[in-house]
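The values are calculated or read from the model by the stated rules, or taken from the named source; none is laboratory data. Bear in mind the structure is a predicted one, so any value in this text is a computation, not a measurement. Cβ coordinates were reconstructed from backbone atoms using ideal geometry, including for glycine residues, and neighbour counts include every protein chain displayed. Accessible surface areas use protein heavy atoms only, side chains included; no ligands, DNA or RNA. Shrake-Rupley method; radii C 1.70, N 1.55, O 1.52, S 1.80 Å.
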Amino acid sequence: MLVHAESPDSLTLKELDTYLAHGWFRMGQTIFTTQFLCFQNQLYNAVWLRVDLDEWANDSKQTAIYKRNAQFKIEIGKATYSAQHEKLFSDYKQGVEFEGSSSLHQLLFGESINNIYNTYEVNLFDGESLIACGLFDVGNESAEGISCFYNHAYKKYSLGKYLIYLKMEYCKNLGLHYFYPGYFVPGYKAFDYKVDIAKSALQYWNLKSSSWHRVQELELTQLPLETMKHKLERLQEALLTVGIESTLLRYEFFDANLVPHLRGAMLFDYPVFLYAFNLKEETIYPLLIFNVLENSYQWLEVRSVWVSNFPYASDEVYSSHVLKVDKIIFMFNFKEVVDYFIKSTTTIYP
């Protein structure tokens, strides 16, 4: 699946390593993966990152940041989650543009009261004042960076980047091999800083090959969302030449599998699909997708599991139903799908 979440009752250090190595990440007390995000009504790719700590070495940027922050006291240890941390997080949220968790407790625990993760914290002090904190989970061979937050009065010190360097240094000294900073989002600048840290040792998760590659090899035009759009637009043009009109739609609920009470429902999770039928509110017809994992077009039979009260945001957004796949009707390559539609009569649903 492209978007999925699980809520384990417990998680060993080795199990965390395995999840992280396959492009998953922590969210509250759950663990999830997604390949797509929506910010301000715009779809983006989520590109998961990791730093190979065995390859990572000090660079000029790190040296400069360490020198700039030499006067601050550093404390690293198991996470404590205090009222002081909650206050710092709350103040930090007021000065950032992106939408985040409502509280530090929500970020770490969600609806739970127990922590199944092996969580550590990096605290920075100016004298006796806590000015910054970075949280990270430690596994057996790897770690994930959860959050960095700081007093905005110290913004000029680049404390967010400094905390990430401190986390990675601590993890490398522990003998860990990988550090996972989460995802970055090509085209959305708020996450660009992640690809500027430890760039020589930075890797990204390639969904098509299910493996990690150097970030220098990343081709934005080959990312899943761009591939899906390109393939479906090409098919749309081909169908039009034989008199079949279709609509390329963005699916509003592609990330419904992340909703707590819907987890495990295995809902349809493609962000775009092609509809070559008369779209009606009361009826769910088959739809066409391009499956980037199978490198093929698929004709899916889907059904509604929930009727939304969302109005149509536009003619390009489908938001009236939450969908679930019943079956794959056909799998095609490009020529096969065009030939099939050409040979079909007006009744094209088997």
Open item on the list: As an exercise: evaluate PHE72 against (1) aromatic (Phe, Trp, Tyr); (2) under 12 Å from the mean Cα position of the chain (by Cα); (3) over 26 Å from GLN203 (Cβ atoms) and give the number of the one condition it does not meet.
Closed with: (2)
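Here is a yes/no grid of residues against (1) aromatic (Phe, Trp, Tyr); (2) more than 19 Å from HIS4 (Cα to Cα); (3) at pLDDT below 95:
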| site | (1), (2), (3) |
| --- | --- |
| SER200 | no, yes, yes |
| HIS213 | no, yes, no |
| GLU217 | no, yes, no |
| THR221 | no, yes, yes |
| GLU233 | no, yes, no |
| ALA256 | no, no, no |
| ARG263 | no, no, yes |
| GLU281 | no, yes, yes |
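Just need a number here: residues in segment 155-177 that are farther than 21 Å from SER60 by Cα and either among the basic types (Lys, Arg) or open to solvent by 20 Å² or more (accessible area, probe 1.4 Å) (or both). First the steps, then the outcome.
Keep residues of segment 155-177 that are farther than 21 Å from SER60 by Cα, which gives 174-177.
Subset that is either among the basic types (Lys, Arg) or open to solvent by 20 Å² or more (accessible area, probe 1.4 Å) (or both): 174-175, 177.
Qualifying residue count, segment 155-177: 3.
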TODO: Name the residue, out of LEU267, LEU240, that is of a type in the set (A, V, I, L, M, F, W, C), free of Cβ contacts under 8 Å to residues at least 60 places away in the same chain and part of a helix (DSSP H, G or I).
DONE: LEU240
Open item on the list: Which numbered condition in (1) within 24 Å of the chain's Cα centre (by Cα); (2) crowded, with 16+ Cβ neighbours inside 10 Å is the only one that GLU219 fails?
Closed with: (2)
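So in segment 196-216, with the set limited to residues that are among the small types (Gly, Ala, Ser) and within 23 Å of TYR19 (Cα to Cα), which one is surrounded by the fewest Cβ atoms within 10 Å (Cβ to Cβ)?
Filtering segment 196-216 down to residues among the small types (Gly, Ala, Ser) leaves 198, 200-201, 209-211.
After this cut, where a residue has to be within 23 Å of TYR19 (Cα to Cα) as well, the list is 198, 201, 209-211.
Numbers: ALA198: 26, ALA201: 20, SER209: 8, SER210: 10, SER211: 11.
By that ranking, first place goes to SER209.
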Task: Qualifying positions in segment 178-195 - assigned to a strand (DSSP E or B) and open to solvent by 30 Å² or more (accessible area, probe 1.4 Å) - done: TYR178, TYR183
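Which members of segment 305-323 meet the condition of being open to solvent by 50 Å² or more (accessible area, probe 1.4 Å) and at pLDDT 85 or above?
Step one: filter segment 305-323 for residues open to solvent by 50 Å² or more (accessible area, probe 1.4 Å), giving 305-307, 309-313, 315-316.
Scanning segment 305-323 gives VAL305, TRP306, VAL307, GLU316.
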Task: Failed item in (1) in contact with a Gly (Cβ under 8 Å, 6 or more places away or on another chain); (2) open to solvent by 40 Å² or more (accessible area, probe 1.4 Å); (3) at pLDDT 95 or above, with PHE136 passing the rest - done: (2)
